[in-house]
Each structure stands twice: as structure tokens, then as C-alpha cells.
């Protein structure tokens, strides 16, 4: 497993070692001991979430507040997504900045998003199945979000505006400047 730092402190790209031969491939998608050793901290995942989406779907930007904050490890089982993490840590030198990366079933890369970030993704392939591990349980009372097309963040979702499909719930999320942790 290879760990690559991004410009957002704590937000990391994970590249697993993939073994390929004429039969196909094999890789270890998660090993807690190896992951924590490479990360230099102990992260204990307690909940897995999986979604299926069609091209143009934007699921964004979500986070959990306070004691319910979640670190996430995102992995694509099928398809291609643009995965996005936004730094919401007020004391961070990259507060209000975002990082994006294409994750796919082909490249097998994963993104580790630490607590204190908003997270979302757009689907760039015809369909995509996404699996992500969380280190804290979902708590409806602690959920927060930022509108996907916030002008301050100015995220390029790699989709044409007429392609974008957003849930009614996500369409009424506040702007970055209005969202509170």
C-alpha cells in the first residue's frame, strides 16, 4: 500500500498493491493494522456505506458535526467518480480549500478524508458503486452540508451543468459561508 499526501493536511490518497495475472486481480482493500501504521494514527472504522448512482449524480457536500464527526475511506467498486473533500477545520491553513481526485474501479485508488471535512462526489461514468468506511456512526441531528455549487468553493464537478442531478435535500443546503460546524 502506498500513501500519498494531498495539499490538505490529513487527506490522503491510498494506492493498494494490486496483484494481476491471467485470471484477473487481487488486492487487499483494507487492513486495519497496515492502514493505521501507514497513517501514523489509529482509525477504527465502525460503519460501511454503499451507494449506486447514475451519470451526473452529485452527492454533496456532507459532514457530521461535533462528537459525531466522521473520517471516511472512500473506494469505488464499479465506475468512475470525482471525489471531493473540503477542509472545514477553522484553524487549518487550508480552511475552505478543496481537493478532488478521480477514483475508479480501474485505478483502485482510495481517498482517506479525516474528521473536519465535508465530502461529496460526482458520477462520471454511466453508473458507479461507491463504498466508504466511516469511523463514527451517522447521527441525523449532527448532519450538515454545503450546496454543491457554492460560489466560494467553486468546485469543478467535471460535468456539464445540464447533466447534474442533485437530490431535493441537497438542493437546499446552505452556502459555505453559512454552514456551521
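The values are calculated or read from the model by the stated rules, or taken from the named source; none is laboratory data. Remember, it's a predicted structure, so these values are computed and weren't measured experimentally. No Cβ is skipped: glycine too gets one built from the backbone with ideal geometry, and neighbour counts run over all protein chains shown.
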Sort out which residues of the range 105-124 are more than 15 Å from residue 156 (Cα to Cα) and buried (at least 17 other Cβ atoms within 10 Å of the Cβ), and write them in order of number.
-> 108, 109, 110, 111, 112, 113, 114, 115, 116, 117, 118
Just one of (1) crowded, with 17+ Cβ neighbours inside 10 Å; (2) touching a helix residue (DSSP H, G or I) at 6+ places or on another chain (Cβ under 6 Å) trips up residue 100, so point out which.
-> (2)
Under the condition of being assigned to a loop (DSSP other than H, G, I, E, B) and modelled with pLDDT under 90, which residue from the range 32-52 is surrounded by the most Cβ atoms within 10 Å (Cβ to Cβ)?
-> 41
Looking at (1) farther than 30 Å from residue 172 by Cβ; (2) modelled with pLDDT of 95 or more; (3) within 15 Å of the chain's Cα centre (by Cα), find the lone condition where residue 9 falls short.
-> (2)
Any residue in the range 95-111 that's touching a residue at least 60 places away in the same chain (Cβ under 8 Å) and at positive phi: show its pairings with residues that are assigned to a strand (DSSP E or B) and surrounded by 15 or more Cβ atoms within 10 Å (Cβ to Cβ) at Cβ separation under 7 Å, as long as the two are six or more apart or on different chains.
-> 96/87
Restricting the search to the range 59-79, which residues are farther than 13 Å from residue 135 by Cα and surrounded by 22 or more Cβ atoms within 10 Å (Cβ to Cβ)?
-> 60, 61, 75, 76
